[in-house]
Amino acid sequence: MSSELRYTANTQLEHLHARYTGTGHADLTKYEWLTHQHRDTLASIVGHPPLTSFMAIADGEAIGRVRFEMTERMLQPCGPPPPKDD
Amino acid sequence: MHLYNLTLQAPTAISQAIVGNFSGSRRQEIIVSRGTRLELLRPDPDTGKVTAAVASHIFGSIRSLVLFRLTGGIKDYAIIGSDSGRIVIIEYDPDTNTFVKVHQETYGKSGARTIVPGQYLATDPKGRAVMIAAIEKAKLVYILNRDAAADLTISSPLEAHKSNAIIHHIVGLDVGFENPTFAALEVDHTEADQDPTGVAFNNAEKMLAYYELDLGLNHVVRKWSGPTDTRANLLVQVPGGQSTSSDSYEGPSGVLVCCEDHIIYHYMDATQHRVPIPRRGYPFQDKDRGLIITAAVMHKMKGAFFFLLQSEEGDLYKVAIEHEEGDVKSLKIKYFDTVPVATSLCILKSGFLFVAAEFGNHHFYQFVKLGDEGEDFSSTDYPSYGMADPSAPLPRVTFRPHLLENLALVDEMESLDPLIDSKVLSVLPDAGTPQILAACGRGARSTFNTLRHGLEVEEAVREDLGAVPKALWTAKLKEDDKHDAYIILSFANCTLVLSVGETIVEAEDTGFLIEAPTVAVQQIGADALLQVHQHGIRHILADKRVNEWRTPAGKTIVNATTNKRQVVVALSSGELVYFELDLEGQLNEYQDRGALGSAILALSIGEVPEGRQRTPFLAVGCEDQTVRVISLDPENTLQTVSLQALTAPPASICIAEILDTSLNRTQPTTFVNIGLQNGVLLRTVLDPLNGQLTDTRTRFLGTRPVKLTHVNVQGNPAILALSSRSWLNYTYQNILHFTPLIHRTLDCVSSFSAAAHADGLIGVSGSILSIFQVTNLGATMKQDSIPLDYTPRKFLMHPQNGLFYLIEGDHRAYSEESSQQQLERLRAEHKTFDEEILGLPARQFGRPKAPAGVWASCIRIIDPVKGETVHVLPLDNNEAAFSLAMVSFAACNNEVHLVVGTAQDAFLAPRSCTSGFLRTYKFTEEGRRLELIHKTETDDIPLAVLAFQGRLAAGIGKSLRLYDMGKKQLLRKAENKNFFSAVVTLNTQGSRILVGDMQESIYYVAYKPLENQLLIFADDTQPRWITSATMLDYNTVVAGDRFGNIFVNRLDTKVSDQVDEDSVLSGGPHKTSMLAHFHVGDIVTGIHKVPLVVGGREVLVYTGLHGTIGVLAPFVGKDDVDFLSTLEQHMRSEQLSLVGRDHLAWRGYYVPVKAVVDGDLCEMFARLPPSKQSAIASELDRTVGEVLKKLEQLRVTASGF
C-alpha cells in the first residue's frame, strides 16, 4: 500500500467514524464499546413502542416516564470512564 | 414445516395520534398510529361516536407522526417517521378511502437505530419545513413547497447535526412568516465520556437549542442555545407571529419546556417564566419522586390559545400565557381534570378531546367547560417570574383531583393493550367455537376479557308467542313507505298478522288469509300486497279488493319466491308457475309451466334492477342435488340456462347483489347463495349476462340446514344465513364480512323497520319473537370484561370446576394493607392530612406512587361463565405473585393444589428479593375459596412453576428445581442451577421439561428418575429473550421473544431417542435447529396450539402485548406452499408498505424470515388494482378469482374468521 493510499484510507476511516457514531475501531476500549452498546440498546427500546410498553408494565411507570429515563440514561449508561493511566 | 400467518385482530394500542382535516372537508379526522398500522378515525360531532374509516398495514414500525398544511391549503398531510430510514408524506384520499403516499425520501439505514433519524418529527406551523431527528446527533430539515402545478414538493435534506448530542425532544416554533425555526432539547456527552471523576457527568447541562432554516440561503444554523433545566423532557410550541387581519400578535412565540416538577416558558433571550406542576396531595407517596408531563396539546381559538398538559398520573393541567405585544406577562397553570394517561391528546374544533390511552381503552370526551374557575398558580407569584434561582426547585404545590367537571365521556374505543396473558378455551356454553381469554390492562384499569368471534346483537324487544311460528315476514303498505306496516307470522295451520304502529297489535281485516299457513308475503307493485299460501295466491289491492289465483286441483304450492314485480311458485307436482306484474298492476300468469322432473326444494329471484321490468334469472334448487338457473326473459322464459351440482340437497337459495370490492370495485356483484341441508353454504357468482354460475366458495356454518334471508343492515343489502349459528354476510367500508351473530339460534328472520326500531331485524327462535339490531358492524370479536385491581400477570383454569385463578401485581403501588398501616401511623403522629383524596376511585385516578420495591398483589378467582369475581385473596408483607400452577401431588393422592410463586420486596433491575416463596393452596368450597397450606422459602423469585409427574417443577432464578409435597413445606428433590439468566417459561411432555430462559432461549431438560437428576441435553444456537413458549410435539417448541419474533425449534429425533434411552450423557449439549421464524412486530405474550374452528386442524394462536391476535396455520400440502410463497414474492415486489419498509426486511427484522408466508401481505392482493391483480394471477397460472378463493379458503379453514 502506497503511503498516499494509506493516508486517504485513514482519513476516510476517520470521516466514517465521525459520521457513524458508535462504529468500532482498533483502539476501542472496553468502556467505550460497552457505552456504545448500552446507548444503542436504550435507543432501540425507545424506538420500539412494544418494548417501551413492556418496560413500563414491568416497572409500574408511565410509558412517557420510561422513555424519558431511558434517554436520560444514555448520557452515561455505564458509569464514569475508567481513569487513564498515562 | 411451513406456516401461514394471519392477523385476526390488529394491535389495539395507539402509540400516537394527530388531528386534522385530512379529507380536505371541514370535518376533522384523527390519524392514529397503532405501531404497525395506520388508521383514520372519524369522530361524529353530532353523536360523539368515533368510527374507524380505514386501516392500513404498513409492514414497519411507526415511531413518529406529525401533520402539516401548506400555506393557503385546506388539506392536511401527515408525515411518518418510521424504522424504514425514509421520510414519507401521505395524504388521505376520501374518494377511494385510502392513504396515498405522496413523497418518500430515503436518508439512512433501516431499523430503529441511535443515529438514524425517525424518532422525532417537528413541522413548521406554516407548513414550510419539517425536521426529522434521531435520538443521537442527526437532524435533517426538509423544505416543503409547491411546484407550478400546485403539487407538494420536498427538497433535499439539510443537515443540522450536532455530534455527541442526545436529543430529548424537538418542536417547530411558531414564528409567523419569518424563517422557520425549530427548538431541540439536547445533552452533550463528550465531556462526560472523558471525565473519570464523574464531575462532568454531574455538571452536564441540558441545552435548549434553536435551529433556524434560512430560506434565502438554503441552510440551517444553530441560532441560539442555552442551558435549561437538567430534567427537561418535553417541548411544546407556543403560538407566535402577527395575525394576518390585524397588527396584534397571536402569541409570544417560543416554547414551553416541560421539566420534572416545573414548566418553563422559554424563547431565546426573552424573560423566562417558571411555574411548578401542582401535585396530588396524597398523605403518603414516594417523596423523592418528581412529576413529569408525558403528553401535551396546544389549542388555538379565535385570538386566544391554551395548553392542556398531562402528567404521568393522568392529571390534565390547563396552562395559559398572558402576553402583550409579543412579551409574556405571566404563565399560569391549574388543574383541569383527570383522564387516563395518554400517549397523545387531540383537541377537536367541535369541542372534543380524544385521549389515546397508553394502556387500556381510548376515550373520547366532550368539553363541558373550559375550567376557568379554580385556583391557579402564576409565575408572577414568584420572584423573577420563578426564575430567581433556576437550579433550585420552587416550593411544591398540591391539589386534590376531582371527578370529571370540565369534560364528559362520550365514547370509548375498546383496546386490549396491554395483553399480558391469554388462553384459548371453550368456557362459555353454546358458543360453538373456542373463546380467547385475555388478561389485559395495567394498574387499576386492568380487565379480564372473554373474546368470542361474532357480532354483538342489541335486543330491543323479546316476546314469547306461545306457539312456534314456521316463517316470518314484514311488509310495507306502499312501495315508498319508510317503515313496515305488518308483521306476518305463519304457524302450522294458521297465519297471524300483526300491525306495526306505536304498539304492535294483532290486525284484522287486512285481506290476508289467516286460516291457513303462508308460503310467502310481498309488497308488490306500487301499493298492493301479495300473500302466497298453499292453495293459491292472493293479490290484495290498496282498496282491499282481492284477486285470487288458485292452484289446479290436487296440487299445492310448496315453495315461492317474489320480488316487487315477479312471483314464481313451485307446485307439489314439480312444476314452476311464473307471474309478472303488468303496467296496470295486474298479476299475469305466463302461459307455460316449467317442469323440472325433480321435486323443488328452494327458489329464489333477485330484486328487480333499477329501471328494469324484471330480473332475468331464477335459481331453483332441486331434490336431485342440483341448482338450476332458469331464465325469466321473455325470449326464453323458463328455460334452464345453467346448472350446478351440489354435495347435498339444498335447503334454501338467496340471490342478492352485494358489493365485493375484490370482485368488482364499483358495482355490486350478484351472488347466488345456496344453503345446503348439511349446514354448508355455497356462494357462487351469477354472471348477469349469460346466467352462468362461477367462482363457488363454500363455508360450513353449523349443524342445521342453512336458511337464507335477504335483509338490510344499515341501509345496505346483506344476507343472514341461519344454521345452528346465525351468520351475517355484509359489506362494511368496502370490505365483505362474514361474521356470526352472538344470539340465540334463530329459526327465521326478516328485516324490520319501524319508527322505534329503525334499521332492525326481527327473528324467531322457538316461540320467542325478538326485535334486535346489529350495531357494531365491522367488528369480528365481542369482548366481555371483568374489572381487576392490579396488573394481571398470569392465569390458569381449574381442570374440573372451570374457574379461573389469576394473579395480579403492581410494582410501585401500596397494597391495601400497607396503606392502612401508613394511615394509622400518620394518625398516631396526629398529622392532618387529606382523607378525601384517598377515597377517589382508583379505576379513574390510579393509586399513589410508591418507591421501587413496593408491591401490591393478589390472587383472584373468576367465574368466566357468570363473568364475575368469586373471591380475592390479597397478599401481605409486600409479597408479589409472579407465577402459578395447578399441581396434583402424587404424595397426597393426586389432589389438585394451587402453587403460587411469590417474592417479597422484589426489585426488577437488578433482579433481587429478600425472599421468594412457593405458596401452596388447597381448594375449598369447590374451588371458590383457597386455603393456604404452607409457604416454602426460596432464594430467588420463582418466575415459572409447573406440574411435573405428580410433583412441582419450579424455575427459581437461574435454577430449576423439583419439589414434592411435605407437611410443613414443599420438599426439594432435585435441582439444576446451570441456566443462563432466569427461568421464565416451563413446558413438559413425558419426562422432558422445556425451560425458557430470559435471555438464552429454550433449554431441553431430561429428568432421570434413577439418578434423580435434571440434565440439560440440548439448547439453542441463538440467544433469545423468551417471553412465551409452547411445545408443539415432543421434540418441537414454538416460542416468542421480546423483540416481537416468533420461532419454531426442533430437536433431531435421533438425539431425542438417544437421550431417552441412555441414562448417561456425555459432552456438551446438543443443538436444536430452527424450523421457522417470523417477526410479528408485537411482543408475543401467549401461544396456544388449538383448533379455532369446529372439526378444524390445530393452528397456533398467538397474542401480542399491544393487543394483536393472530394465527400461524400449517400448510396442508406442498402445492399450497409453492403457490402462496410465489404470491407473497409478487406481492412484495409491489412495495405496499406506506412507510417504504421492505417487507422481507421487516418480517426478518432480527433473523431472516423462514418458512412462514405472510398472509396479511397476500390478502392485500384483493386491494390491488385489477390490472396488477390479473398480471400476478397470470404469473401464477391462475385466474384472479382462483387466487382470491384460495386466500379466503385459507383464512376460513385456519381461523373461521
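The values are calculated or read from the model by the stated rules, or taken from the named source; none is laboratory data. The shown structure was predicted, so the numbers you read here are calculated from the model rather than taken from an experiment. Using ideal geometry, Cβ is built from the backbone for each residue, glycine included, and neighbour counts are taken over all protein chains shown.
Checking each residue in region B:846-871 for being in a strand (DSSP E or B), over 21 Å from B:Glu358 (Cβ atoms) and either at pLDDT below 95 or away from chain A (no Cβ under 12 Å) (or both) picks out B:Cys858, B:Ile859, B:Arg860, B:Ile861, B:Ile862, B:Asp863, B:Glu868, B:Thr869, B:Val870, B:His871. Looking for something in a loop (DSSP other than H, G, I, E, B), modelled with pLDDT under 90 and among the basic types (Lys, Arg) - is there at least one such residue anywhere in region B:525-544? Yes; the residues of region B:525-544 include at least one that is in a loop (DSSP other than H, G, I, E, B), modelled with pLDDT under 90 and among the basic types (Lys, Arg). Among the residues making up region B:313-364, those that are touching a helix residue (DSSP H, G or I) at 6+ places or on another chain (Cβ under 6 Å) and more than 14 Å from chain A (Cβ to nearest Cβ) are B:Ser330, B:Leu331. Looking for something away from chain A (no Cβ under 14 Å), under 24 Å from B:Leu208 (Cα atoms), in contact (Cβ under 8 Å) with a residue 40 or more places away in the chain and surrounded by fewer than 17 Cβ atoms within 10 Å (Cβ to Cβ) - is there at least one such residue anywhere in region B:270-281? Within region B:270-281, one or more residues are away from chain A (no Cβ under 14 Å), under 24 Å from B:Leu208 (Cα atoms), in contact (Cβ under 8 Å) with a residue 40 or more places away in the chain and surrounded by fewer than 17 Cβ atoms within 10 Å (Cβ to Cβ).
Quick one: which of B:Leu234, B:Leu291 is farther than 23 Å from B:Phe182 by Cβ, within 14 Å of chain A (Cβ to nearest Cβ), touching a residue at least 24 places away in the same chain (Cβ under 8 Å) and surrounded by 15 or more Cβ atoms within 10 Å (Cβ to Cβ)? Going through B:Leu234, B:Leu291 in turn, just one is farther than 23 Å from B:Phe182 by Cβ, within 14 Å of chain A (Cβ to nearest Cβ), touching a residue at least 24 places away in the same chain (Cβ under 8 Å) and surrounded by 15 or more Cβ atoms within 10 Å (Cβ to Cβ): B:Leu291.
For region B:290-321, the set of residues classified as in a strand (DSSP E or B) and among the β-branched types (Val, Ile, Thr) consists of B:Ile293, B:Thr294, B:Val297, B:Val319, B:Ile321, listed by residue number.
Would you mind stating whether B:Glu508 is in a loop (DSSP other than H, G, I, E, B) and either small (Gly, Ala, Ser) or touching a residue at least 24 places away in the same chain (Cβ under 8 Å) (or both)? Considered against the rule, which asks whether it is in a loop (DSSP other than H, G, I, E, B) and either small (Gly, Ala, Ser) or touching a residue at least 24 places away in the same chain (Cβ under 8 Å) (or both), B:Glu508 comes out as no. When region A:67-81 is filtered for residues that are within 16 Å of B:Ile166 (Cα to Cα) and more than 7 Å from every other protein chain (Cβ to nearest Cβ), the ones remaining, listed by number, are A:Arg67, A:Glu69, A:Met70, A:Glu72, A:Arg73, A:Pro77, A:Cys78. Can you find a residue in region B:175-195 that is within 10 Å of chain A (Cβ to nearest Cβ) and touching a Phe, Trp or Tyr at 6+ places or on another chain (Cβ under 6 Å)? Looking through region B:175-195, at least one residue is within 10 Å of chain A (Cβ to nearest Cβ) and touching a Phe, Trp or Tyr at 6+ places or on another chain (Cβ under 6 Å). If you go through region B:713-743 and keep only what is surrounded by fewer than 18 Cβ atoms within 10 Å (Cβ to Cβ) and of a type in the set (D, E, K, R), you end up with nothing. Scanning region B:115-137 for residues that are within 14 Å of chain A (Cβ to nearest Cβ), in contact (Cβ under 8 Å) with a residue 40 or more places away in the chain and on the phi > 0 side of the Ramachandran plot yields one hit, B:Gly118. Can you list the helices (runs of 4 or more DSSP H) lying wholly within region B:1110-1169 that have 1 or more residues being crowded, with 18+ Cβ neighbours inside 10 Å, touching a Cys at 6+ places or on another chain (Cβ under 8 Å) and modelled with pLDDT of 95 or more? In region B:1110-1169, the matching helices (runs of 4 or more DSSP H) lie at B:1118-1132. One residue stands out in region B:411-446 among those that are of a type in the set (S, T, N, Q) and within 14 Å of chain A (Cβ to nearest Cβ): the one that is nearest to B:Thr745 (Cα to Cα), namely B:Ser415. When you go through B:Ser379, B:Ser426, B:Ser384 one by one, which is the residue that is farther than 20 Å from B:Ile742 by Cα, hydroxyl-bearing (Ser, Thr, Tyr) and without any contact (Cβ under 8 Å) to a residue 40 or more places away in the chain? None of the other options fit; the residue is B:Ser384. Residues that are of a type in the set (Val, Ile, Thr), within 14 Å of chain A (Cβ to nearest Cβ) and in a strand (DSSP E or B) were ranked within region B:42-86; the one that is surrounded by the fewest Cβ atoms within 10 Å (Cβ to Cβ) is B:Ile62. Here the condition is being out of contact with any Leu (no Cβ under 7 Å at 6 or more places or on another chain) and on the phi > 0 side of the Ramachandran plot; of B:Gly574, B:Gly606, B:Gly585, it holds for B:Gly585 alone.
Can you say whether B:Gly1117 is within 29 Å of B:Thr433 (Cα to Cα) and free of Cβ contacts under 8 Å to residues at least 24 places away in the same chain, as far as the supplied structure shows? In short, yes.
Of all residues in region A:23-59, those that are without any contact (Cβ under 8 Å) to a residue 40 or more places away in the chain, of a type outside the set (A, V, I, L, M, F, W, C) and either facing chain B (nearest Cβ under 7 Å) or under 30 Å from B:Thr1108 (Cβ atoms) (or both) total 12. Selection of region B:265-318 for residues being touching a Cys at 6+ places or on another chain (Cβ under 7 Å) and closer than 18 Å to B:Glu405 by Cα yields only B:Leu309. B:Ile653: surrounded by fewer than 21 Cβ atoms within 10 Å (Cβ to Cβ) and in contact (Cβ under 8 Å) with a residue 12 or more places away in the chain, yes or no? When the stated conditions are applied, B:Ile653 does not pass them.
Okay, residues lined up against (1) in the same structural domain as B:Val1038 (by the TED database); (2) farther than 21 Å from B:Asn1049 by Cβ; (3) buried (at least 21 other Cβ atoms within 10 Å of the Cβ); (4) at pLDDT 95 or above:
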| site | (1), (2), (3), (4) |
| --- | --- |
| B:Ala947 | no, yes, no, yes |
| B:Leu952 | no, yes, yes, yes |
| B:Gly966 | no, yes, no, no |
| B:Thr985 | yes, no, yes, yes |
| B:Gly996 | yes, no, yes, yes |
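Considering the conditions (1) more than 10 Å from chain A (Cβ to nearest Cβ); (2) in a strand (DSSP E or B), B:Ala149 is excluded by exactly one of them, (2). When region B:1047-1075 is filtered for residues that are part of a helix (DSSP H, G or I), closer than 27 Å to B:Trp1025 by Cβ and either modelled with pLDDT of 95 or more or of a type outside the set (Gly, Ala, Ser) (or both), the ones remaining, listed by number, are B:Val1055, B:Val1059. Among the residues of region B:455-477, are any surrounded by 22 or more Cβ atoms within 10 Å (Cβ to Cβ), among the β-branched types (Val, Ile, Thr) and closer than 30 Å to B:Phe845 by Cα? Taking every residue of region B:455-477 in turn, none turns out to be surrounded by 22 or more Cβ atoms within 10 Å (Cβ to Cβ), among the β-branched types (Val, Ile, Thr) and closer than 30 Å to B:Phe845 by Cα. Quick check on B:Ala78: is it within 18 Å of the chain's Cα centre (by Cα) and aliphatic (A, V, I, L, M)? Here the answer is no, as B:Ala78 does not meet what is asked.
With respect to (1) outside any strand (DSSP E or B); (2) under 20 Å from B:Thr985 (Cβ atoms), the lone exception for B:Gly927 is condition (2).
Condition check for A:Gln12 on (1) away from chain B (no Cβ under 11 Å); (2) over 14 Å from the mean Cα position of the chain (by Cα); (3) modelled with pLDDT of 85 or more: one failure, at (3). Do we find that B:Leu646 is over 43 Å from the mean Cα position of the chain (by Cα) and free of Cβ contacts under 8 Å to residues at least 40 places away in the same chain in this structure? Against the criterion (over 43 Å from the mean Cα position of the chain (by Cα) and free of Cβ contacts under 8 Å to residues at least 40 places away in the same chain), B:Leu646 does not qualify.
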